[in-house]
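**Student:** Once you've had a glance at the structure underneath, I'll fire off some questions.
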Amino acid sequence: MRIMFNINPLENLKAHISSRPPLVVFMVSVSAMAIAFLTLGYFFKIKEIKSPEMAEDWNTFLLRFNDLDLCVSENETLKHLLNDTATSETAVTSGQARSATQAPQALEDSGPTNVSVAITLTLDPLKPFGGYSRNVTHLYSTILGHQIGLSGREAHEEINITFTLPAAWNSDDCVLHGHCEQVVFTACMTVTAATNVFPVTVQPPHCIPETYSNATLWYKVFTTARDANTKYAQDYNPFWCYKGAIGKVYHTLNPKLTVIVPDDDRSLINLHLMHTSYFLFVMVITMFCYAVIKGRPSKLRQSNSEFCPEKVALAEA
C-alpha cells in the first residue's frame, strides 16, 4: 500500500518517455492512425462517395465532349454533300451487285443507338466569318471514339453527333452589330453510336430533337471535329477553320448521374473504421497507463544506483 501511494505519475511518465523513445514514437504513430481512421469513418458517414466499381458514368462520358472543337463552315457542308451523293450512288451499285451474288446475312447486333441530351453549345465566329443567310438549325459531325478519349474496341467506333438548336442561327445579328459575336445555345445533342459506346448507368433526362427547334425551315451544317491531341500536334493546320466558327460543348455535372456507394455499404465501412480506431485508442491508453505506473525501467534504476557512489566520490576528489 505504501508503494502504491508513493507513485508519482508525472515523474514516472517523464522517466518512461526519456528512457524509451521508440515506444513514444510508436504511441504517437498509433494515435495518429486512430485519428485518421476516425476522421475517415465520419467522412464516409456524411459524404456520398462515387462507386469505384463504375469506371465511367454519364457525367464522365458527356465531359469527354468538352475537349472537342467543331468547325462550323459552309465549305464543309458542301464538301460533305458531294461526298454523300457519291457515296450513296456507289452504295446502291455495290448493293445491287452483292444482292445478285450473296444471300442476306443476319446482323450481329441491333444497330446503332440514339441518345438525345440537352447540353450547352457555344459558337465563336472567327474574324473572316460573315454569318449565314439561311436559318441554321442543325449541326452535324462524325468522330471516332479515340477523339473523345475512348480506348479498346470503342476507340475505333464511329460516333455521329447532331446538335439541334432551339432557335435559328443566321447572319441577322452579324448585320446588326457589324460583326458576328459569340452565341450560346442550350442545344439538344443526339449521339448515334453502337450500344457498347454508352455507359450502362442512369441516363440523363432526354430531349426530343423533332420538337426542340421552333424554326419552320431548317438547314443542316456539316462540321469537322478536332480533339485536344490534334490541336497541339506539330503538323496542326492553323487555318483549320478559316472563315468559320468554332463550336464548343460544355456539360455541367449532374449529381444524379453519378453512381454512388449505397447507404448500407457506407454504414458498414464507417462501422469497421470506428471499431479499428477504438481498438487503436485502447492500445494507446494501455501503453500510457503502463508508463504512468511503471516509470523508469528497473535495470536503469540499478545501474544509476551503482554508479551514483562513484560519481559522488569523483565529485569529492
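The values are calculated or read from the model by the stated rules, or taken from the named source; none is laboratory data. It should be emphasised that the depicted structure is a prediction, and the values quoted were computed from it without experimental measurement. So basically every Cβ, Gly included, is an ideal-geometry build from the backbone, and we count neighbours across all protein chains shown.
**Student:** Looking only at region 248-257, decide whether some residue is at pLDDT below 90, farther than 30 Å from His206 by Cβ and among the aliphatic types (A, V, I, L, M).
**Tutor:** No, region 248-257 contains no residue that is at pLDDT below 90, farther than 30 Å from His206 by Cβ and among the aliphatic types (A, V, I, L, M).
**Student:** Still on this structure, please answer the following. Would you call Ser171 touching a Pro at 6+ places or on another chain (Cβ under 6 Å) and touching a residue at least 24 places away in the same chain (Cβ under 8 Å)?
**Tutor:** No; evaluated as a whole, the condition is false for this residue.
**Student:** Can I ask one more? Looking only at residues that are of a type in the set (Gly, Ala, Ser) and surrounded by 15 or more Cβ atoms within 10 Å (Cβ to Cβ) in region 139-164, which one is nearest to Val197 (Cα to Cα)?
**Tutor:** Gly145
**Student:** In addition: Tell me yes or no: at least one residue of region 270-283 is more than 30 Å from Pro22 (Cβ to Cβ), modelled with pLDDT of 75 or more and under 56 Å from the mean Cα position of the chain (by Cα).
**Tutor:** Yes - at least one qualifying residue is present in region 270-283.
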